[in-house]
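Worksheet for the structure shown next.
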């Protein structure tokens, strides 16, 4: 397909922008992962290791859901404030069917949707 994608991601949501010369398409995904709090011993489920494992598993499921929007031949700019962008880039590189997908990560705070689309269009040198 050779799409130019930009993905803004954190643990709460992802905004996936596909750009072409004359149009842009935006897809939004919400994470079901609850905020990560420190373990306090009285929580359900049997211990800090299990608590951490459940949280990590939830994040991994969300990152996998975002990675499913990438196709072979795509070029992807991944933006975000924390470690989610790196997790997504590593996940894309591990998926055999996405071998050769060019990924670039960049730190970015929250962006409005028009700011995100404009940043991605600039990255790929497409007219605004």
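Of note:
- Residue in the range 98-121 that is farthest from residue 61 (Cα to Cα), counting only those that are more than 14 Å from the chain's Cα centre (by Cα) and exposed (fewer than 12 other Cβ atoms within 10 Å of the Cβ): 114
- The residue of the range 98-118 that is farthest from residue 24 (Cα to Cα), among those that are in contact with a helix residue (DSSP H, G or I) (Cβ under 6 Å, 6 or more places away or on another chain) and outside any strand (DSSP E or B), is 98.
Read the figures in this text as sums done on the coordinates, not as results from a lab. Nothing here was measured: the structure is a model prediction, and the numbers come from that model. Every residue, glycine as well, gets a Cβ built from its backbone with ideal geometry; the counts of neighbours run over all protein chains shown.
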